[in-house]
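Input: a single structure, listed below in structure tokens.
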Amino acid sequence: MRFFLKHLLIFLLTIGTFAQVQEEVNPPSNIKTVIFKGPTEDQFPIVRLDENIYLEFDDLTASEQDYYYKIVHCDYDWTPSQLLKSQYLSGMDNQRIINYENSYTTLQPYSNYQLEIPNNQVKLLVTGNYVLEIYNSANDLQFSRRFIVYDNLVQVGGVVRRSRDFEYLNEKQVVQFSINTTGFPVVNPKQEIKVAIIQNYFWPTALYNIKPQFTVGNELVYKYDKETSFFGGNEFLNFDTKDLRVPTFAISKIRLTDIYQHYLFANQYRNDRPYTFFPDINGDFVVRTLQGDDVSREAEYTMIHFKLPYEPELGLDNVYVFGKFNNYDLSEENKMDYNEETGYMELAYPMKQGFYNYKYVLEKEDGTVNLNQVSGNFHFTENNYLILVYYRNFGDFYDGIIGIGTANSRDISN
């Protein structure tokens, strides 16, 4: 018996040591327009246990394939938690998505899939980090998306300030916040409470492992400068294709081949230009069309042509077009190519009708990614920040989320 327990303990410790971080997996080229949201329009589900999560995506093969979903509960560091499925799910996942229909009168045929959670098969039981995984009938993972389930047990207040670091005075924004635990028992806040700060719902830039600077009564105060700072970036570029036949301020010309071709005006480098405000939706997109009533099935796919002048500062770096529309992917499909005849970096990418934000990013030869070399960094830029408060009591087997806070740099102060 002792031998069995010893080896069982070694096995469990090994699992914990090698637990894999659940990164988001982006879909193959036939799956487009993944919409994943909660009750708000922001395509980043932050929900309470009794609120619905909505997923929608298109399969451009239009073959009515079967897709299945699984749900994984994760700890603060996005490794799978120690909870059994029966401890975080009521019912069963690994169910087929049964709500799907083919597109209607579109030049590009596609199958549109829709899923809502909770549903008759499954319901979430605890708060924390989650990953929704979508599989095909061969049990191959097609894509995955993170989402957040929280409870309002503590109050979180945050503000955005200009950096006091002279080197980045005009480029960085600092998030300062406090957590009021009145009415919620916290014995050892430095051990029991963890926070994560996310800019514009973009996980790769999230900040972790930030301890409270000091405590005032029941309030944990985080008034750091460097530790909670983010580069401001710039407002996202945008275009609108809700009307297939009418050019807008961003669209130079439209052609019709097998599908509509929308050519954007060439964009310019903004890193050496004064900051100019124009409203954006922080990288997000909204599907919409004037050519039908059912947006999910009647919106057309059009080929969007992007152009960026080649400048020596690019060197041999890879240039990508990304935004929430492709989940900030850096793959061959959205990498720009140099056109010797025009002198531009160019990309043609299929996108469903709607309003889109996008930007250009560079991948260096050493693999590092520069998000703002083309667009520049400005402390004036309007950015949204999400503050997540995690809690694990002594003896608990998972990290729950007991509160969230938001802050926006629209009201930035010194």
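The values are calculated or read from the model by the stated rules, or taken from the named source; none is laboratory data. What you see is a predicted model, and the numbers here were worked out from it, not measured in a lab. Cβ atoms come from the backbone with ideal geometry, glycine included; neighbour counts cover every protein chain shown. Quick note on the areas: whole protein, heavy atoms, side chains included, nothing else; ligands and nucleic acids left out. Shrake-Rupley method; radii C 1.70, N 1.55, O 1.52, S 1.80 Å.
Here are the numbers for the structure shown:
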{"quantity": "Residues of type lysines that Lys223 reaches as a straight line, Cα spacing below 25 Å, ignoring anything fewer than 8 places off in the same chain", "calculated": "Lys172, Lys190, Lys194, Lys211"}
{"quantity": "Förster radius 35 Å - calculated FRET efficiency between Ala206 and Ser137, Cβ distance, rounded to 0.05", "calculated": "0.55"}
{"quantity": "³J(HN,Hα), Karplus 6.51/-1.76/1.60, whole Hz, each residue of segment 369-380, x for Gly, Pro", "calculated": "10, 9, 6, 10, 5, 7, 8, x, 10, 9, 6, 6"}
{"quantity": "Within straight-line cross-link reach of Lys37, lysines at Cα separation under 19 Å, skipping those fewer than 8 residues along the same chain", "calculated": "Lys70, Lys123, Lys324, Lys352"}
{"quantity": "Given the chain, longest segment not containing exposed loop trypsin sites (Lys or Arg not before Pro) (DSSP; at most 11 other Cβ within 10 Å)", "calculated": "1-225"}
{"quantity": "Fully extended contour minus Cα-Cα distance, from Ser331 to Tyr54, at 0.36 nm per residue", "calculated": "97.1 nm"}
{"quantity": "Extension gain (nm, one decimal) between Lys223 and Gln20, 0.36 nm per residue minus Cα-Cα", "calculated": "69.8 nm"}
{"quantity": "Farthest toward positive dipole pole in the chain [+1 Lys/Arg, -1 Asp/Glu at C-beta], among Val149, Thr106, Pro39", "calculated": "Val149"}
{"quantity": "Sites Arg255 and Asp66 - FRET efficiency at Förster radius 25 Å, r taken between beta-carbons, to 0.05", "calculated": "0.10"}
{"quantity": "Accessible-area order (highest first, 1.4 angstrom probe) of the listed residues His305, His379", "calculated": "His305, His379"}
{"quantity": "Heavy atoms of Asp165: accessible area, 1.4 Å probe, square angstrom to 10", "calculated": "40"}
{"quantity": "Sequence-distant aspartates and glutamates (8 or more away, or on other chains) whose Cα lies within less than 14 Å of Lys307", "calculated": "Asp337, Glu340, Glu341, Glu346"}
{"quantity": "Neighbour-limited loop hits for GluC sites (Glu not before Pro), segment 37-135 (at most 16 other Cβ within 10 Å; DSSP other than H, G, I, E, B)", "calculated": "Glu41, Glu51, Glu64"}
{"quantity": "DSSP-assigned coil residues among GluC sites (Glu not before Pro) in segment 345-414, each with at most 12 further Cβ atoms within 10 Å", "calculated": "Glu365"}
{"quantity": "Test item: Cα-centred dipole of the chain, Lys/Arg +1 and Asp/Glu -1 on Cβ, debye", "calculated": "1220"}
{"quantity": "Segment 71-194 - convex hull of alpha carbons, volume per residue in Å³", "calculated": "237"}
{"quantity": "Gln121-Asp77 FRET efficiency (beta carbon distance; Förster radius 22 Å; 0.05 resolution)", "calculated": "0.15"}
{"quantity": "Note, ³J(HN,Hα) from phi for segment 300-307, Karplus 6.51, -1.76, 1.60, rounded to Hz, x at Gly and Pro", "calculated": "7, 9, 10, 8, 9, 9, 9, 9"}
{"quantity": "Segment 131-213 - convex hull of alpha carbons, volume per residue in Å³", "calculated": "159"}
{"quantity": "Where labels lie 7 Å past Cα in the beta-carbon direction, separation of Glu341 and Asn370 in nm", "calculated": "3.0"}
{"quantity": "With 10 Å bins from 0: P(r) over segment 220-298, alpha-carbon pairs, percent", "calculated": "13, 32, 28, 15, 10, 2"}
{"quantity": "Those residues of segment 240-264 whose amide nitrogen sits under 14 Å from the label point placed on Arg410, 7 Å along Cα→Cβ", "calculated": "none"}
{"quantity": "Formal net charge of residues neighbouring Tyr54 (Cβ-Cβ distance under 14 Å; K, R +1; D, E -1)", "calculated": "-3"}
{"quantity": "Projected-area mean, the chain, by convex hull of Cα positions, square nanometres", "calculated": "24.1"}
